[in-house]
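Heads up: the structure comes next, in structure tokens.
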Amino acid sequence: MDVLIDSGNLVIMQPEALSIATVKTAAKKSGDLAMLSRADISILALAYELKRMLITNDYRIANVAPSLQVVVKTIAISGIKSIRQWIAICPACEIVYTPDLTECKNCGNRLKYKYTTKRKV
């Protein structure tokens, strides 16, 4: 890796805090935030900031990207056909929560996620 960095063929970058905040806002709106890793958020933020295409097979990333005007291409799969809006539901109480929670406030059970709406990409 040092050879690639020294030759200028590999550049390691970190996204700006504003880009990360923008991605988190978009992911929260779609309901994907709780399921995105720090690396996922960072990759989306860099693609957003640099106005670059993302090549990924990750459905959560592909679900958030269009709201950021980030183009996504997939490899070996067909990719997403629609963007989904997610909610969290307690399987025991059937209480509906925002998708950023992982545990039921009433009984403590782990929440299940499902989409409520979808629109064409």
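Throughout, read-outs are computed from the coordinates displayed, never taken from laboratory work. Computed from a predicted structure; not experimentally measured. Here the Cβ is made from the backbone with ideal geometry for all residues, glycine too, and neighbour counts use every protein chain on show.
Observations
- Residue among L18, A45, T74 farthest towards the positive dipole end of the chain, charges placed on Cβ: T74
- Candidates S37, S67, S19: whichever shows maximal mean-square fluctuation once the chain is modelled as a Gaussian network with Cα springs under 10 Å: S37
- Computed [θ] at 222 nm, deg cm²/dmol, the chain (DSSP H ≥ 4; -39,500 (n - 2.57); rounded to nearest 500): -9500 deg cm²/dmol
- Relative to the longest principal axis of the Cα atoms of the chain, helix 17-30 runs at roughly 40 degrees.
- Shape category assigned to region 19-58 from the gyration tensor of Cα positions, a/c cut at 1.5: oblate
- Above 22 Å, the calculated P(r) of the chain contains 43 percent of its Cα-Cα pairs.
- In degrees, nearest ten, helix 38-50 long axis to first principal axis of the chain (Cα): 50 degrees
- Available extension along the chain between E103 and M13 is 29.0 nm, counting 0.36 nm per residue and deducting the alpha carbon span.
- About its Cα centre, the dipole of region 2-73 is roughly 380 debye, where the only charges are +1 on Lys and Arg Cβ and -1 on Asp and Glu Cβ.
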